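One structure is given here, and the rest of the page talks about it.
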Amino acid sequence: MTDPSLARRMWHQLEPVHAPFWYAPEMFAEAAALGFDGEDRWASYFAWRAAPLGAVGAERVASAFYSFSPRLIAAHFPADWETASPDRVLAARTRVVDRLYRTLLGDAVGELSEAADLAREAALAAPLAGRPLAAAYAAVPWPDEPHLVLWHAIGILREHRGDGHIAALLTAGLDPAEALVSFAAIGAAAPATFATRGWTDAEWTAARDRLTGRGLLTSDGAATDELRALRDDVERTTDDLAYAPWQALGDDKAARLAELTTPLLVKALESGLLPSENALGIGKIPAPSR
């Protein structure tokens, strides 16, 4: 019998397998070839991640991404699509993954067929209603090679979880800036880590003041017990909403997927590409109480 905590365990297993894309030399090279700044990962980040949505404008991207300042998003759209169309970005993204996984695994890249099949089975079981990014990713045609299938499946699953996380934040009454301020306050990452989300110091302070007014932060910005309980609820709800694909896959297949992706996980961690601190709070936020 599976339980919702399996969703969190599989996220911790698969997210580091997916995340090297955002830091890889192959990504920077392809970004430069598309016409983006090849030395700044944020210059192309929004295009890479939003490409499955199509050539949409800033409002739809900001809605789907949630925690990024709409002002920052507006600085990229529609300008990013003038640099490279979504179709060109998606094709380049596939090339990045292909080169990256071959670099990490060498000849062992051909041994991912079973893992790809399991990840795809889970991804196909992810409900898409109310999940705009997951639905957009699921609509992208599946690639043929197993290592590309694996990355694509993880992409659907991570955006499915992310869409559910936004629903949990909305239910908790945390707007985009408050979500980040509260996450920093419970130790997910230093406030500087969230600076890339584009909020000004004044906007960060205003969000902190709103949380203080609700009794969620102390006067000096520390998390209260009420905030910790609220954020625990958010994480629990996120796991619950991310549970369906793993419930469908089952414990045994999920365990097998974790086993099969462990060599790639180890290579990703050993690559030095992943930062020691991330805005997702992986490794910093404990599993929610049940």
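The values are calculated or read from the model by the stated rules, or taken from the named source; none is laboratory data. Owing to the predicted nature of the structure, the values given are computational and were not obtained by experimental measurement. For accessibility, only protein heavy atoms count, side chains too; no ligands or nucleic acids. Shrake-Rupley method; radii C 1.70, N 1.55, O 1.52, S 1.80 Å.
Surface analysis of the range 216-284 yields an accessible area of 50 Å² per residue, using protein heavy atoms and a 1.4 Å probe.
Against the compact-protein benchmark of 2.2 N^0.38 Å, the Cα-based radius of gyration of the range 98-148 scales to 1.33.
Alpha carbon centre of the range 17-37 versus the range 77-141: separation in Å? Between the Cα centres of the range 17-37 and the range 77-141 lies a distance of 14 Å. For the range 18-125, the calculated P(r) over all alpha carbon pairs, in 10 Å bins from 0 to the bin holding the longest distance, is 14, 39, 32, 14, 1 percent. All Cα-Cα separations within the range 153-269 were binned at 10 Å from zero, giving a P(r) of 13, 35, 29, 18, 6, each value a whole percent of the pairs.
Counting every C-alpha pair in the range 203-290, the share spaced more than 23 angstrom apart comes to 49%.
When a 1.4 Å probe is rolled over the protein heavy atoms, the share of accessible surface on the chain that falls to carbon and sulfur comes to 55 percent. Accessible surface for the range 1-70, divided over its residues, is 36 Å² per residue with a 1.4 Å probe. Translational diffusion of the range 77-120, estimated by Stokes-Einstein from the Kirkwood radius over alpha carbon pairs at 25 °C in a medium of 0.890 mPa s, is 198 µm² per second.
Among the listed values (i) 22.1; (ii) 20.4; (iii) 19.6, the one computed from these coordinates for Kirkwood radius over Cα pairs in Å is (iii).
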